[in-house]
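Accompanying notes for the structure given below.
The values are calculated or read from the model by the stated rules, or taken from the named source; none is laboratory data. Source: prediction; values computed, not measured. Using ideal geometry, Cβ is built from the backbone for each residue, glycine included, and neighbour counts are taken over all protein chains shown. Areas reflect the complete protein model, heavy atoms only, side chains present, ligands, DNA and RNA absent. Shrake-Rupley method; radii C 1.70, N 1.55, O 1.52, S 1.80 Å.
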Amino acid sequence: MRHQTSKRIDSLTTLQQQPFRHWLTMLAICTCLSACSNKPGDTDIQQDLAATYECPILKVSDVKKVDGAEVDSKVYEVAFTYTVSIKGGAEAAGKMFAEWSHLDAQMHPTQLALEKAQYEADVRIASGQVGGNRNADPEVRRLSQAKEQLENRINTLVPCQNLEALSRLQIMRTAAEEAAKSGQSQIAVPVAIKVRGNGHMGKAESGWHFVDTPALSTVEVVTETANYPRFKQAEAPANTQPSDAELDPPPAQLASIAATPADAANAADNSPSFDCARLCCTNQP
């Protein structure tokens, strides 16, 4: 009786293991077929594109090989198309593009104001008015923090590190900015971009992979109507655009701050953006 029970248990165990063994066998066959395929397919292209567009706000879809030609036994030239979409749809895309444009518009005047503050701090240090270095200057610290905050927010909003991903997003952002010029609350917001590519794929044990950077071109920017947020543009800091005279002050003005020849040369190289005579000659009658 015990012998019969034992045989039944062994039979049940064998039956339970069969589906698992069958799955392993099929997996091994599929892996071999993928690795040993004589031509790259849609899956091979999509795997490499997924790495190219590895970004939390993007997804790649509709990958299709449209043409191909064998170069040699291990290299195959392929032409393909695919779509890169923004996750979240039109509303998410509209919010992102609007804020990105708003923040980016503040970067240039902030950078100019920072450079001006840094130069003025250097002048005060060179003339002996203050000690230390430029980074201790309150205005330099304030503007440096403002620039850092802008950069951090942009990096959070657009967390794509790959140049190709950023390039496609920039194309869509430009299209959004053009549509926003209408002044309407609802515009055609870019939600995806269709791309055509051509490149060479090499054969490896793990399958086919691009052996060089594919040539990619935009086929179409796909849009949907959605709300486009409006941000009040911040005013540029005063006097951030230096005049020609300020950019190239006369030697007498540089000498008036009691700078050594080396200091004066260094100041000229850093493109001053203030009136040296006004700042440094207040003690003259």
Q) With Cβ to Cβ distances under 15 Å as the rule, what net charge do the other residues near residue 74 carry (K, R +1; D, E -1)? A) -4
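Packing-wise, with mean Cβ within 10 Å as the measure, how do 151-162, 188-199, 85-96, 47-58 rank, highest first?
Details: 151-162: 13.4, 188-199: 20.5, 85-96: 18.6, 47-58: 16.1.
With the highest mean Cβ count within 10 Å placed first, the list reads 188-199, 85-96, 47-58, 151-162.
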**Q.** Label-point separation, residue 81 to residue 145 (7 Å along Cα→Cβ), nm
**A.** 5.3
**Q.** Rounded FRET efficiency, nearest 0.05, which uses the C-beta distance separating residue 220 from residue 51 and R0 of 25 Å
**A.** 0.60
(Q) Let me check something: with ligands and nucleic acids excluded, how do 130, 221 order by accessible area (1.4 Å probe), largest to smallest? (A) 130, 221
Q. For residue 64, which lysines qualify as cross-link partners when the Cα separation must be under 27 Å and same-chain residues fewer than eight apart are set aside?
A. 39, 74, 87, 194, 203
Q) If we count every other residue with Cβ under 11 angstrom of residue 41's Cβ, Lys/Arg +1 and Asp/Glu -1, where does the sum land? A) +1
Q: With viscosity set to 1.567 mPa s and temperature to 4 °C, compute the Stokes-Einstein D of segment 180-234, Rh being the Kirkwood radius across alpha carbon pairs; µm²/s, no decimals.
A: 88
Q) Tell me, Kirkwood radius of segment 42-187 from alpha-carbon pair distances, in Å? A) 19.0
Q | Probe 1.4 Å, accessible area per residue of segment 48-136, Å² | A | 47
Q: Work through the residues other than residue 145 whose Cβ is under 12 Å from its Cβ and net out their charges, Lys, Arg +1 and Asp, Glu -1.
A: 0
Q. So what does the Cα-only Debye profile of segment 112-220 read at q = 0.12, 0.18, 0.19 Å⁻¹, as log10 I(q)/I(0), no solvent term?
A. -0.74, -0.98, -1.02
